[in-house]
Amino acid sequence: MERIVIAVAGMSCQGCVQSVTAALQALPGVEQVEVFLAAGQASVACDPALVSVTELRQAVEEAGFDAS
């Protein structure tokens with residue numbers, strides 16, 4: 001497992017946190033997701049053989065937020 005931290009912009013409430021969490025958890029290879037509203041970050045424990053950083057960022061962006 002590898003832990004990847006992604007900056008997430010555009011979150012303003014716990015509903016946003018839940019949306020980002022759900023989008024990331026839906027990806028194959030993702031084991032654990034922690035999203036921090038105040039810090040504007042998502043910490044993802046995942047298998048890098050199954051999911052890439054690009055795919056993680058893309059999932060966040062498809063949920064309506066900016067990821068970097």
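Since every read-out is calculated from the coordinates, none of them should be taken as a lab result. Predicted model, so just to flag it, every value in this text is computed and none were measured. With ideal geometry, Cβ positions are generated from the backbone for all residues, glycine too; neighbour counts draw on all protein chains shown.
Among the residues making up region 19-31, those that are touching a residue at least 12 places away in the same chain (Cβ under 8 Å), in a helix (DSSP H, G or I) and in contact with a strand residue (DSSP E or B) (Cβ under 8 Å, 6 or more places away or on another chain) are VAL20, THR21, LEU24. In region 1-18, how many residues are surrounded by 13 or more Cβ atoms within 10 Å (Cβ to Cβ) and assigned to a loop (DSSP other than H, G, I, E, B)? Result for region 1-18: 2. Counting the residues of region 32-68 that are surrounded by 15 or more Cβ atoms within 10 Å (Cβ to Cβ), among the small types (Gly, Ala, Ser) and part of a loop (DSSP other than H, G, I, E, B) gives 2.
For GLY29, the criteria (1) exposed (fewer than 15 other Cβ atoms within 10 Å of the Cβ); (2) at positive phi hold in every case but one, which is (1).
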